[in-house]
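Following: one structure in structure tokens, then a few remarks.
The values are calculated or read from the model by the stated rules, or taken from the named source; none is laboratory data. The structure presented is a predicted model; accordingly, all values stated were derived computationally and were not measured. Cβ atoms come from the backbone with ideal geometry, glycine included; neighbour counts cover every protein chain shown. Areas reflect the complete protein model, heavy atoms only, side chains present, ligands, DNA and RNA absent. Shrake-Rupley method; radii C 1.70, N 1.55, O 1.52, S 1.80 Å.
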Amino acid sequence: MIDSLSFVRDEGSLQGELPVSGLARLHDWLSATDGAVRYRVDAARGPQGEPQLRIEIDALLQVRCQRCLESMRYPLELRNLLELVSREVDLSQEEVEDDSKDLLPAQRELDVVALIEDEIILALPLAPRHESCTPPALGQGANSVSPFAALTALKGRSS
């Protein structure tokens with residue numbers, strides 16, 4: 001836990017490794033939980049002196065291909081800049097909708113591990129797929145019957 005504004009004021013820097021197995025909220029997106037996530041969080045200041053956190057995350061994650069359902073390696077190299085905003089500051093609708101900035105409420109107790117996990121989840125693809133792969137074959141046996149065979153038979157009777 002860090003006090004985000006004090007961290008920026010003191011020009012703080014954190015770095016380390018987190019085991020993927022310890023990032024429980026991330027497990028639903030992964031096919032395996034081995035490996036580690038390397039991270040670095042540095043204090044920064046924007047052009048007008050606004051407090052910011054510069055985040056770097058590197059990992060080799062195992063995700064499930066949505067086409068063939070096999071595990072695939074997903075290299076993650078994330079670089080993000082978060083601008084800290086006071087909870088008391090009223091942001092205009094324009095500022096809230098500005099996609100060029102990522103805003104984060106300043107917190108006295110900012111959970112850095114949760115922040116790293118959030119950034120990874122937001123960076124993962126919704127439907128990861130290999131560049132080229134074959135979908136799994138369904139019911140290739142000689143006795144396999146199409147689930148639509150009964151509908152075809154009913155359609156033939158109504159004609």
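At-a-glance table
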item	result
Unmet requirement for residue 66, which otherwise passes all of (1) surrounded by fewer than 16 Cβ atoms within 10 Å (Cβ to Cβ); (2) touching a residue at least 40 places away in the same chain (Cβ under 8 Å); (3) within 13 Å of the chain's Cα centre (by Cα)	(3)
Scope the range 32-53; condition surrounded by fewer than 15 Cβ atoms within 10 Å (Cβ to Cβ), in a strand (DSSP E or B) and over 17 Å from the mean Cα position of the chain (by Cα); matching residues	45
Single residue of 44, 36 found to be over 15 Å from residue 116 (Cα atoms) and not polar (S, T, N, Q)	44
Filter pass, residue 89 being open to solvent by 50 Å² or more (accessible area, probe 1.4 Å), at pLDDT below 90, β-branched (Val, Ile, Thr) and within 18 Å of residue 5 (Cα to Cα)	yes
Selected residue (criterion: modelled with the lowest pLDDT) from residues of the range 97-138 that are hydrophobic (A, V, I, L, M, F, W, C) and exposed (fewer than 12 other Cβ atoms within 10 Å of the Cβ)	138
When residues of the range 22-31 are limited to those that are touching an Asp or Glu at 6+ places or on another chain (Cβ under 7 Å) and part of a helix (DSSP H, G or I), the one surrounded by the most Cβ atoms within 10 Å (Cβ to Cβ)	26
